[in-house]
Amino acid sequence: MSELTSEQLDELFGSDVDSISEEEGTKSQLDLPTVNVISEKFTAIPGLRLVRQGLSHAVQSTLLEFIIAANYFQNETTNQAMHFGDLPDSFAKVGTWAKSCTDLLNDIDRHPLFNQAIINLYRSGEGIRSHVDLQKFDDGILIISLLSSCVMIMTPASEELKNASSYQNDEIADNVGISIHLRPGDVLALTGPARWDWAHGIPAREIDVIHGEQIQRGSRVSITLRKLKCSAVGAIELSQRP
Ligand SMILES: O=C(O)CCC(=O)C(=O)O
Ligand SMILES: [Fe+2]
């Protein structure tokens, strides 16, 4: 894979990528740590687990290099790409790392671990409405955050949201729910109640306030790994988040 310059990253994703140093950015292998990592838990939301900064700058950069080389987001209206079936190697490796070197997916035992990946690009100020991932996806969803921080809001899901067969247009009310600050390199797992009974969403805004501190959002990329309950055939789809 060719080297990724900071200019290229700036051009594609905005200028909030300074934390990826040139030296680290040019290292393309996926050197995931092999030590066992214990995730942070959230008393109010059983099954929500977070490994903060689980992925080094080098790993984040490798994932971004792949996403840039794949050219998903050339078209200005495209902000979501989905892979079905066999996943890009670097994505699959993060999934395997999460299963074998962390407790993020302790309750999940299956093969393949994941057969669907969504890459979401959030241009500065964009979000994703509050939703429960559709029932056709199994338990155990992994969300990898890249480039910029954001706040994800978790709220107890209505019966309607839990059983939706397509995503509803639910806005996130201000000051409702539990805020989870996601930073680049963080890996979040939704399992059990956190996956089935809680809705998650990211409010569309330029600035998040965390513990009284204002945090400016830049462009953010996330990779969500999921397992379709039925088997998946290899395909790639590009779309606009509904
Ligand atoms: O971007 C994220 O962090 C969440 C993405 C998500 O929830 C989804 O694609 O279903
Ligand atoms: Fe989701």
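The values are calculated or read from the model by the stated rules, or taken from the named source; none is laboratory data. Treat the numbers as computed from the prediction; the structure is a model and nothing was measured. Don't worry about glycine lacking a Cβ; one is built from the backbone with ideal geometry, like all the others, and counts go over all protein chains shown. Heads up: the accessible areas ignore ligands, DNA and RNA and are worked out on the full protein's heavy atoms, side chains in. Shrake-Rupley method; radii C 1.70, N 1.55, O 1.52, S 1.80 Å.
Worth pointing out:
- Residue match in segment 172-180 (condition: within 18 Å of the chain's Cα centre (by Cα) and charged (D, E, K, R)): no
- Top-ranked residue of segment 98-147 - restricted to ones that are away from ligand 1 (no atom under 11 Å from the Cβ) and of a type in the set (S, T, N, Q), ranked as farthest from Ala70 (Cα to Cα): Asn106
- Arg183 vs. criteria within 13 Å of ligand 1 (Cβ to nearest atom) and within 15 Å of Leu50 (Cβ to Cβ): yes
- With respect to the conditions (1) in a helix (DSSP H, G or I); (2) within 13 Å of ligand 2 (Cβ to nearest atom), Leu134 lacks only one, and its number is (1).
- Of all the residues in segment 157-191, those that are at pLDDT 95 or above and more than 26 Å from Gln214 (Cα to Cα) number 2.
- Among the residues of segment 79-101, those identified as under 17 Å from the mean Cα position of the chain (by Cα), outside any helix (DSSP H, G or I) and either surrounded by 20 or more Cβ atoms within 10 Å (Cβ to Cβ) or not aromatic (Phe, Trp, Tyr) (or both) are Asn79, Gln80, Ala81, Met82, His83, Leu87, Pro88.
- Residue match in segment 147-157 (condition: polar (S, T, N, Q) and touching a Pro at 6+ places or on another chain (Cβ under 8 Å)): yes
- Any hit, segment 206-228, residues being in contact with a helix residue (DSSP H, G or I) (Cβ under 8 Å, 6 or more places away or on another chain), closer than 25 Å to Val51 by Cβ and open to solvent by 60 Å² or more (accessible area, probe 1.4 Å): no
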